Amino acid sequence: PIVQTLDTRPFDDQKPGTSGLRKKTRHFQQENYLENFVQSVFNNLPERKGATLVVGGDGRFYNAEAVQIIVRMAIANGFKRLIVGQNGHLSTPAASCVIRKHQALGGIVLSASHNPGGPDEDFGIKYNAANGGPAPESLTNAIFEESLKIREYQICEALDWDLSLVGTTQVGEAVIEVIDPVADYAELMGQLFDFDQLRACVSRPDFRFRFDAMHAITGIYAHRIFEEMLGAPQGTVINGIPLTDFGGGHPDPNLAHAEELVEEMFQADGPDFGAASDGDGDRNMILGRQCYVTPSDSLAILAANAHHIPAYAKGLAGVARSMPTSGAVDRVAEKLGIPCFETPTGWKFFGNLLDAGKVTFCGEESFGTGSDHVREKDGLWAVLAWLSVIAARSLSVREIVEEHWQTYGRNVYTRHDFEGIPKDRADQVMKHLRSLVAHPEQMRAAIEATGLKREWQSADDFAYTDPVDGSVSRQQGVRIMFSDGARVVYRLSGTGTVGATLRVYIESVEQDPARFTLDAQDSLKDLVGFSRKIARLKALTDREEPTVIT
């Protein structure tokens with residue numbers, strides 16, 4: 001193929017967030033915008049000559065065109081083997097699996113995760129390193145610096161390869177290998193879980209299971225694994241055909257957006273077990289009949305029941321959670337006698353702990369759960385893990401959750417998202433809160449002025465020192481903590497594409513069994529009101545009510 005070196009000019013907005021670069025699709029379609037970012041990645045990979053690169057994405061609008069551009073650029077930049085998911089499809093956890101199995105230098109994953117897709121919606125791209133996990137901050141910072149000075153990029157002549165057929169094509173000295181996007185991942189799941197046990201569970205006449213793929217990438221994985229390999233009845237998977245605009249929906253597996261599944265699960269005669277995944281397959285929501293399991297509780301329950309899952313029967317090395325995630329897993333770790341790590345938000349922070357063998361399970365309140373089998377959160381893994389616990393214990397989801405609360409107490413938890421706030425106003429909120437943190441007497445007076453009847457203990461702006469490499473991440477979220485274990489946390493999300501999203505996390509520890517089944521919003525009513533007053537949300541943002549409550 002003819003390699004072209006083309007002139008370009010830098011863009012000043014290609015700094016990756018917590019999980020890659022995300023912008024509106026039309027922004028990515030600007031001339032050279034995608035090319036600049038990809039070349040900036042390649043320029044930071046001196047070992048790319050002769051190496052293997054994995055390429056794939058969640059199938060959203062512009063995914064197919066972007067894969068072609070990346071493959072052409074990768075060949076021009078000296079990669080010798082391109083492993084590409086059929087039709088350009090690879091879920092994020094499957095991409096991590098493929099990178100690790102085939103010992104690739106890394107992979108380029110195209111996804112805006114749970115964000116909507118379509119010509120007027122969102123697109124995203126990120127680089128995953130050889131361990132299969134998101135690039136560390138040192139590399140993403142270097143990529144951004146390169147993007148500010150880039151003047152040219154390398155690309156092969158425009159030849160579109162047919163990515164719909166599994167097989168190998170020789171292109172000059174390079175090989176393009178189109179793979180079944182499900183095969184390697186399904187093989188790994190079969191090694192972790194007892195598929196015979198799960199097959200017996202999902203085929204029971206008295207057990208009904210529903211999985212909502214939300215017209216996103218996990219549809220192809222769920223049909224193969226749940227319906228074909230495990231023998232769940234046809235129709236177990238709903239919304240299972242991936243669409244470039246996710247059927248016009250918002251592929252975020254929560255109570256607000258997985259409406260069809262939630263409505264069915266909360267019927268008196270609803271299915272026994274329900275789950276959903278997101279745009280790129282790395283998130284999960286777990287439901288029982290008329291029962292919602294918070295992601296924080298899900299992590300804690302899986303950790304407490306890990307001995308029921310074959311791959312983890314010998315015990316966990318440790319667990320980790322993101323700072324805003326509830327402390328439910330902390331008490332499980334304490335009882336198991338294993339370490340529990342608290343990290344900033346962003347799966348990349350778990351990578352070092354997993355690589356060092358310090359933790360086995362990790363999770364985030366934003367519907368992400370995973371283990372050391374890959375270096376991404378993994379929605380279908382979480383569903384298979386829950387199925388394993390249900391199959392082994394012959395209990396309903398509600399019984400498993402309530403038994404857990406009886407043993408460990410309940411971390412009553414909610415997240416209130418204020419989306420689309422002008423960034424300068426969101427920054428003012430954080431500046432105000434950080435000022436209170438820096439002046440404890442002002443914090444104490446401000447808390448008293450809200451009328452909250454809880455004893456304040458401490459406040460900080462969370463900073464994290466990585467126990468493996470010593471790197472320090474500062475300003476990861478303001479925490480206000482109370483002596484009874486309650487806390488309120490504020491942080492700005494790094495996953496949106498318009499304005500800013502202020503996330504407010506509210507948590508209280510409940511030890512009274514009589515109060516375990518109370519609605520979270522009712523239990524946390526005093527803290528919810530406090531969270532808005534202390535942050536001066538009305539005055540600083542002109543917003544009083546959140547966009548989404550989970």
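What the table shows:
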{"read-out": "Of every Cα-Cα pair in the stretch 340-391, the percent that sits beyond 17 Å", "value": "32 percent"}
{"read-out": "The stretch 83-201: proportion of alpha-carbon pairs further apart than 16 angstrom, %", "value": "72 percent"}
{"read-out": "Distant-in-sequence amide H partners of Cys156 (H built 1.01 Å from N, under 5 Å)", "value": "Gln4, Met73, Ala76"}
{"read-out": "Quarter of the Cα convex hull surface for the stretch 1-93, i.e. its orientation-mean projected area (nm²)", "value": "6.6 nm²"}
{"read-out": "Dipole of the chain, positive end: most advanced residue of Ile225, Pro339, Thr517 [Cβ charges, Cα centre]", "value": "Pro339"}
{"read-out": "Normalised convex hull volume, the stretch 420-465, alpha-carbon set, Å³ per residue", "value": "122 Å³"}
{"read-out": "Given charges at Cβ of Lys, Arg, Asp, Glu: the chain dipole, positive-most of Phe61, Ala76, Thr236", "value": "Ala76"}
{"read-out": "When the stretch 304-348 is reduced to its Cα atoms, the Kirkwood hydrodynamic radius in Å", "value": "11.3 Å"}
{"read-out": "5 Å binning of all Cα-Cα separations within the stretch 419-498, expressed as whole percents from 0 upward", "value": "3, 13, 20, 21, 18, 14, 9, 2, 0"}
{"read-out": "Simple Cβ-charge dipole of the stretch 404-461, Lys/Arg +1 and Asp/Glu -1, about Cα centre, in debye nearest 20", "value": "180 debye"}
{"read-out": "The stretch 93-251: relative contact order in percent, alpha carbon pairs under 8 Å with at least 6 residues between", "value": "21 percent"}
{"read-out": "Debye equation applied to the C-alpha atoms of the stretch 372-445, log10 I(q)/I(0) at 0.11 Å⁻¹", "value": "-0.65"}
{"read-out": "Whole-angstrom Cα spans of the stretch 162-246 along principal axes, big to small", "value": "57, 32, 16"}
{"read-out": "Peptides ranked, highest mean first, by Cβ atoms within 10 Å: ranges 337-344, 87-94", "value": "87-94, 337-344"}
{"read-out": "Share of carbon and sulfur in the accessible heavy-atom surface of the stretch 95-244 [1.4 Å probe, %]", "value": "51 percent"}
{"read-out": "Volume per residue of the C-alpha convex hull in the chain, rounded to whole Å³", "value": "140 Å³"}
{"read-out": "Relative contact order (%) - the chain, alpha-carbon pairs under 8 angstrom, separation at least six", "value": "13 percent"}
{"read-out": "Ranked packing of 518-525, 132-139, most packed first, by mean Cβ within 10 Å", "value": "132-139, 518-525"}
{"read-out": "Over the stretch 196-315: Rg over Rh, Cα atoms, Kirkwood Rh", "value": "0.96"}
{"read-out": "Cβ-based charge dipole, the stretch 140-216, positive-most Cα from Ala183, Thr168, Ser147", "value": "Ala183"}
{"read-out": "FRET E, pair Asp162, Glu263, Förster distance 35 Å, beta-carbon r, rounded to 0.05", "value": "0.30"}
{"read-out": "Debye log10 I(q)/I(0) at q = 0.17 Å⁻¹ for the stretch 393-549, Cα point scatterers", "value": "-1.06"}
{"read-out": "Over the chain: helical MRE at 222 nm, DSSP H runs n ≥ 4 each giving -39500 (n - 2.57), nearest 500", "value": "-9500 deg cm²/dmol"}
{"read-out": "Cα-Cα pairs of the stretch 330-459 separated by more than 19 Å (percent)", "value": "70 percent"}
{"read-out": "Solvent-accessible surface ranking, highest first, for Glu399, Glu228 at 1.4 angstrom", "value": "Glu228, Glu399"}
{"read-out": "Surface per residue (accessible, 1.4 Å probe) for the stretch 289-412, Å²", "value": "28 Å²"}
{"read-out": "Cβ-derived FRET efficiency at R0 41 Å, Lys335 paired with Glu65, nearest 0.05", "value": "0.20"}
{"read-out": "Scaled radius of gyration (Cα, divided by 2.2 N^0.38 Å) that the stretch 247-322 gives", "value": "1.27"}
{"read-out": "Kirkwood-type radius of the stretch 286-375, with distances r between different C-alpha atoms, in Å", "value": "12.9 Å"}
{"read-out": "Relative contact order %, the stretch 171-238, counting alpha carbon pairs below 8 Å whose residues are six or more apart", "value": "34 percent"}
{"read-out": "The chain: antiparallel DSSP beta bridges as a percent of all, rounded to 5", "value": "70 percent"}
{"read-out": "Size of charge dipole - the stretch 182-312 - debye, nearest 20, with Cβ of Lys, Arg +1 and Asp, Glu -1, no other charges", "value": "300 debye"}
{"read-out": "Alpha-carbon spread of the stretch 213-282, three principal axes, descending order, Å", "value": "33, 30, 18"}
{"read-out": "Spatial separation of Cα centroids for the stretch 140-190 and the stretch 302-358, in angstrom", "value": "33 Å"}
{"read-out": "About the Cα centre, charge dipole magnitude for the chain (Lys/Arg +1, Asp/Glu -1 at Cβ), debye", "value": "1120 debye"}
{"read-out": "Radius of gyration, Dmax [the stretch 44-138; alpha carbons; angstrom]", "value": "12.6, 38"}
{"read-out": "Interchain or long-range residues, amide H under 5 Å from Ala500's placed H", "value": "Gly420, Ile421, Lys423"}
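The values are calculated or read from the model by the stated rules, or taken from the named source; none is laboratory data. Note that this is a predicted model, so its numbers are computed, not measured. Here Cβ is always computed from backbone atoms with ideal geometry, including for glycine, and neighbour counts include all displayed protein chains. Keep in mind that these areas ignore ligands, DNA and RNA; they rest on the heavy atoms of the full protein, side chains included. Shrake-Rupley method; radii C 1.70, N 1.55, O 1.52, S 1.80 Å.
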